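Worksheet for the structure shown next.
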Ligand code: PMP
Ligand code: GLN
């Protein structure tokens, strides 16, 4: 393993999901639903395979039907218009979009300011690009970004801001005012922005506001989303990028040499999914709001300090009230103590002191599974 990837041997999700399987525990660690997305969308994927649509290499930028559906989605939900030919790129999940964008836009030695705790692939991809990450720390209990702190982190080497809203793992949803502050700094310092909005349809307080919709942002922003979270098919790995033609062309160049194309038949199915009626998205949100409250109340009853998330399908807690201080140690022992798996947020921080006692729980699970997990946790 080279120096850039030193210490990044295995992701926390792989470690904790393996532990869940080995111990037969309830897995509230890695974020994946235990119920698949809509039956008609699964059928659309099966039909595409059986009728020979997408079984051979689809076009590199993604099939035209899906690129059109992405532009319709951005227009319908946010009033953003994109050209499906030059301003949309289909990727192998948001993960590839993040990697391709960072590899395409960064020079070695550039600095990237990323909100921490950060989704683990950010750190690895910034490192693979030979750039340096500079954390903007979100601190408990509010987990709000401090814009004065952000301003102070900007140096002549800063090239890019990496934003994530709704934010994994804290559940913070950036307000219009916070987004305006970020946008103003990006414009003032002529920075590029990558915004990871994969949880755009999982917002429980307020609304999701895409950063690209703010003044001055369209031309400097690469927006990323994914079918995994919105349609509960995380295994399909269909994501997308929207942005100005030069930025999308750059990301496409990198993507060509990472995977060349993404799985064909799933692209047809995701095109159908993006055109589901609004009621689908409303139900997704309502179901997850109920699950959030179920788990939040259970975790509070079990003694955790609960930071109720505004979005995503994760709850961050603090284990200090249970007499615990080390989240990593706590999560490694939790399966044998009570048959539940969770994720220690500390691995998402450079500033490890800020996250040492935080533990994250996924609530994209059946209500009875959440209830059983809570019963087990109350015995701690
Ligand atoms: N970004 C964030 C913030 C995520 O939580 C995830 C899913 N774990 C991804 C990106 C990756 O999405 P995908 O599965 O589409 O690659
Ligand atoms: N995004 C999911 C999470 O944060 C899973 C990611 C993964 O397994 N790489 O849990």
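Residue selection: residue 33 satisfies the criterion of being assigned to a loop (DSSP other than H, G, I, E, B), within 16 Å of ligand 1 (Cβ to nearest atom), at pLDDT 95 or above and under 28 Å from residue 240 (Cβ atoms). Report, by residue number, each residue of the stretch 99-127 that is away from ligand 1 (no atom under 16 Å from the Cβ) and over 16 Å from residue 137 (Cβ atoms). Correct list: 104, 105, 106, 107, 108, 109, 110, 127. Output yes when any residue across the stretch 139-148 is more than 24 Å from residue 342 (Cα to Cα), touching a helix residue (DSSP H, G or I) at 6+ places or on another chain (Cβ under 9 Å), within 16 Å of ligand 1 (Cβ to nearest atom) and at pLDDT 95 or above, and no when none is. Yes, the conditions are met somewhere in the stretch 139-148. Looking at the stretch 174-195 only, could you name the residues that are surrounded by 17 or more Cβ atoms within 10 Å (Cβ to Cβ) and closer than 17 Å to residue 159 by Cβ? Passing the criteria: 182, 183, 185, 186, 191, 192, 193, 194, 195. When the test is whether a residue is within 16 Å of ligand 2 (Cβ to nearest atom), in the same structural domain as residue 67 (by TED's automatic domain parsing) and in contact with a helix residue (DSSP H, G or I) (Cβ under 7 Å, 6 or more places away or on another chain), residue 204 does not pass it.
Counting only strands (runs of 3 or more DSSP E) wholly contained in the stretch 108-199, the ones carrying 1 or more residues that are in contact with a strand residue (DSSP E or B) (Cβ under 8 Å, 6 or more places away or on another chain) and free of Cβ contacts under 8 Å to residues at least 40 places away in the same chain occupy 132-137, 192-196. Could you grab me the full set of residues in the stretch 43-56 that are within 22 Å of residue 88 (Cβ to Cβ) and within 27 Å of the chain's Cα centre (by Cα)? 44, 45, 54, listed by residue number.
Which ones in the stretch 66-87 are farther than 18 Å from residue 197 by Cβ and surrounded by fewer than 18 Cβ atoms within 10 Å (Cβ to Cβ)? 68, 83, 85, 86, listed by residue number. Residues in the stretch 36-59 that are within 16 Å of ligand 1 (Cβ to nearest atom) and outside any helix (DSSP H, G or I): 36, 37. Considering only the stretch 77-97, state which residues are in a helix (DSSP H, G or I) and within 10 Å of residue 255 (Cα to Cα). Passing the criteria: 96, 97.
Checked across the stretch 10-17, the condition of being away from ligand 1 (no atom under 14 Å from the Cβ) and modelled with pLDDT under 95 holds for at least one residue. Being within 21 Å of residue 120 (Cα to Cα) and surrounded by fewer than 20 Cβ atoms within 10 Å (Cβ to Cβ) holds for only one residue in 228, 206, 235, 216, and it is 235.
The values are calculated or read from the model by the stated rules, or taken from the named source; none is laboratory data. Every value quoted in this text rests on a predicted model; they were computed, and no experiment measured them. Cβ coordinates were reconstructed from backbone atoms using ideal geometry, including for glycine residues, and neighbour counts include every protein chain displayed.
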